[in-house]
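Asker: The structure under discussion is supplied below as structure tokens; questions concerning it will follow.
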Amino acid sequence: MRKILKYLVVVLVLVVITWNLWPRTPDVGRPEYFTDQTYNFETIRVLDDIAVAGGDNNEAAQAIRGIRVGDADGWYTAWKAAGDRATALAARTQDRISRGNALLRAHTYYRSAEFFLAPSDARRPAIWKLNVDCFYSALDDLGVRHERITVPYGAEHHLNAVYYPGPALTENRPLLVAMTGYDGTMEELYAWVVTWHPAPRPLIPGSKGSSPMTCSTMATPSRPATFPPLRSGCAITAMTRCSISLPA
């Protein structure tokens, strides 16, 4: 019995020594939410957008909790629920700026919810409408001047676009055209381009220093889009992903 006890003590000592000397991976911060790069990228994409609308990672963390990589239905359900929560918050908020910011976040969550759905999924039109409706309601609450326009695209087609006028006395400044492509939306460009324009919050009434801007879907050089003259006095005659024209 004593011999067995001695062996157990020796083994225990060896285990403790090994445990303390065994090389470990340093306990450092991890930049990813998912090891899958696509799911991780789409999560970071949400965080980038909601920062503009006063959001933080709490709503996103609540949404992604329990999502499994490859589960498009789980992704859709989680982000739609996040959008519904933000919409409900907006509905009971009296302050228009706070309400507009909540709707901007809802727009982002609804857009993300749709991302992994199959093209033929019957839920896509409804979630897309929620996404777009929340966005333009948010702009109205925030007092952001904008105009939804159509741009001739070839002989039989057109591109949808959103025109954001600059403040007073910028009528002769260049018109900046921001484009997106495969998985982006023209509404999404508000967070990426418009609000990061040189002057802070340039489109809020009373601000200064920005040029007029148009955000649209993507046109290709082989089929250029022709922008009609806008209130800025500028016209875009051909563009790729991003072009700047001088005043006409």
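Asker: Listed residues Thr38, Thr25; which is among the β-branched types (Val, Ile, Thr), on the phi < 0 side of the Ramachandran plot and surrounded by 12 or more Cβ atoms within 10 Å (Cβ to Cβ)?
Answerer: Values: Thr25 fails: surrounded by 12 or more Cβ atoms within 10 Å (Cβ to Cβ).
It is Thr38.
Asker: Further question on the same structure: Run down Tyr163, Tyr182 and say which single residue is more than 30 Å from Arg92 (Cβ to Cβ) and without any contact (Cβ under 8 Å) to a residue 40 or more places away in the chain. If you could, list the steps in order and put the result at the bottom.
Answerer: Values: Tyr163 fails: without any contact (Cβ under 8 Å) to a residue 40 or more places away in the chain.
So the residue among Tyr163, Tyr182 that is more than 30 Å from Arg92 (Cβ to Cβ) and without any contact (Cβ under 8 Å) to a residue 40 or more places away in the chain is Tyr182.
Asker: Just to check your reading of the model, which residue among Val144, Val132 is surrounded by 18 or more Cβ atoms within 10 Å (Cβ to Cβ) and either modelled with pLDDT under 95 or not in a loop (DSSP other than H, G, I, E, B) (or both)? Give the steps one after another, and end with the answer.
Answerer: Working: Val132 fails: surrounded by 18 or more Cβ atoms within 10 Å (Cβ to Cβ).
Step by step, each of Val144, Val132 is checked, and only Val144 is surrounded by 18 or more Cβ atoms within 10 Å (Cβ to Cβ) and either modelled with pLDDT under 95 or not in a loop (DSSP other than H, G, I, E, B) (or both).
Asker: Residues that are at pLDDT 80 or above, within 30 Å of Thr108 (Cα to Cα) and not acidic (Asp, Glu): list the helices (runs of 4 or more DSSP H) wholly contained in region 1-97 that include at least 1 such residues.
Answerer: Details: elements: 2-21, 37-50, 57-64, 72-91.
Ranges flagged: 37-50, 57-64, 72-91.
Asker: Could I ask something else about it? Which count do you get for residues in region 147-180 that are more than 17 Å from Ala191 (Cα to Cα), among the hydrophobic types (A, V, I, L, M, F, W, C) and surrounded by 13 or more Cβ atoms within 10 Å (Cβ to Cβ)?
Answerer: So the count comes out to 4.
Asker: Now a separate question. Can you tell me how many residues within region 177-191 are among the aliphatic types (A, V, I, L, M) and more than 16 Å from Leu159 (Cβ to Cβ)? Steps first, please.
Answerer: Here is the first cut: in region 177-191, the residues among the aliphatic types (A, V, I, L, M) are 177-179, 186, 189, 191.
Filter once more, keeping what is more than 16 Å from Leu159 (Cβ to Cβ): 191.
Number satisfying all stated conditions: 1.
Asker: If Asp95 satisfies every condition in (1) surrounded by 12 or more Cβ atoms within 10 Å (Cβ to Cβ); (2) without any contact (Cβ under 8 Å) to a residue 12 or more places away in the chain but one, which is the exception?
Answerer: The number of the failed condition is (1).
The values are calculated or read from the model by the stated rules, or taken from the named source; none is laboratory data. Remember, predicted model here, so these are calculated numbers, not experimental data. Here Cβ is always computed from backbone atoms with ideal geometry, including for glycine, and neighbour counts include all displayed protein chains.
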